[in-house]
Amino acid sequence: MSQHLVIRWTIVPGTAPRPLINCNRCGPAKAYRSSDKFRVNANGKRIDVWLIYRCVDCDNSWNFGIFERCNRRDIEPALLRALESNDPALARRHAFDIVALRNQAGRVEEFPDVAVDKQVLAGTRDSAAALELRLGLDMPTSLRLDRLLANELGISRSRLQALEERRLLVVDPDGTKALRKAARTGTTVRVDLANEPDRQAIIRAAGG
């Protein structure tokens, strides 16, 4: 492909996963959301740390374990200060740790809402006949790649699949069936639009 327009898409998930907890106040299988607050409990040289979650209906609390009976010396001072000060970025990182949440809660509700920041890295919109989209995510998302592309490019998922079947759309490194998987950081999507009648509209949408 020639005349590439290279664009970085920085994808920011909107809603953190919510564990489904049997609430002892208002009933079973209630969604809990992160309060963005840590609870740090020091007992001598040992420290326990939790991220506090609240029931969306009754505000009952559930503790998501971060450290358990950890020696104070094993926690870097900067990290400990961040925990004690409820650092928002640190709380967000733990709230999006879907693997740890599933390990502790079992069932977890995920959300596909994202914001996409688009930055042109190379090429010009007027002369471009192909797109190269480089994806970066600050946190994991459950949003499928085909839904992301359809939303941001303004074309249908069936058309994306048709482009893939004609080898006009290539996903690297995931290869075949990548469109059906969750969008992931480090993915590159290349789309040849040279013979597409709405090429300019798609290119404008891709660049924001």
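The values are calculated or read from the model by the stated rules, or taken from the named source; none is laboratory data. None of these values were measured; they are calculated from a predicted model. Virtual Cβ from ideal backbone geometry, glycine too; neighbours counted across all protein chains shown. Only protein heavy atoms, including side chains, enter the accessible area calculation; ligands, DNA and RNA are left aside. Shrake-Rupley method; radii C 1.70, N 1.55, O 1.52, S 1.80 Å.
Filtering region 5-21 for residues that are in a strand (DSSP E or B) and in contact with a Cys (Cβ under 6 Å, 6 or more places away or on another chain) leaves an empty set. Listed by first and then second residue, the pairs with beta-carbon distance under 7 Å, at least 6 apart or on different chains, first residue in region 192-208 and part of a helix (DSSP H, G or I), second open to solvent by 50 Å² or more (accessible area, probe 1.4 Å) and among the basic types (K, R), are I203/R125; R204/R125; G207/R125. Checked against (1) β-branched (V, I, T); (2) under 29 Å from A16 (Cβ atoms); (3) out of contact with any Gly (no Cβ under 6 Å at 6 or more places or on another chain); (4) at pLDDT below 95, T188 passes all but condition (4). When L160 is tested against (1) over 22 Å from the mean Cα position of the chain (by Cα); (2) crowded, with 18+ Cβ neighbours inside 10 Å, only condition (1) is not met.
Among the residues of region 1-31, the ones that are without any contact (Cβ under 8 Å) to a residue 40 or more places away in the chain and touching a Lys or Arg at 6+ places or on another chain (Cβ under 9 Å) come to 2 in all. Taken as a whole, region 40-48 holds no residue that is under 19 Å from the mean Cα position of the chain (by Cα), hydrophobic (A, V, I, L, M, F, W, C), part of a strand (DSSP E or B) and farther than 30 Å from R167 by Cβ. Taking the listed residues S61, S85, the one that is of a type outside the set (A, V, I, L, M, F, W, C), touching a strand residue (DSSP E or B) at 6+ places or on another chain (Cβ under 7 Å) and farther than 30 Å from V189 by Cα is S61, with no other qualifying. Suppose the filter is within 17 Å of V114 (Cβ to Cβ) and either open to solvent by less than 80 Å² (accessible area, probe 1.4 Å) or polar (S, T, N, Q) (or both); does L153 pass it? Criteria met by L153. Checked against the criterion of being surrounded by fewer than 17 Cβ atoms within 10 Å (Cβ to Cβ), within 28 Å of A29 (Cα to Cα) and touching a Ser or Thr at 6+ places or on another chain (Cβ under 7 Å), the candidates P88, P112 yield just one match: P112.
Screening region 177-186 for residues that are assigned to a loop (DSSP other than H, G, I, E, B) and either without any contact (Cβ under 8 Å) to a residue 24 or more places away in the chain or among the aliphatic types (A, V, I, L, M) (or both) and picking the one that is surrounded by the most Cβ atoms within 10 Å (Cβ to Cβ) gives A183. Filtered by the rule that a residue be under 21 Å from H4 (Cα atoms) and among the basic types (K, R), region 147-186 gives R159, R166, R167.
Condition check for D174 on (1) open to solvent by less than 60 Å² (accessible area, probe 1.4 Å); (2) closer than 14 Å to L131 by Cα; (3) of a type in the set (D, E): one failure, at (2).
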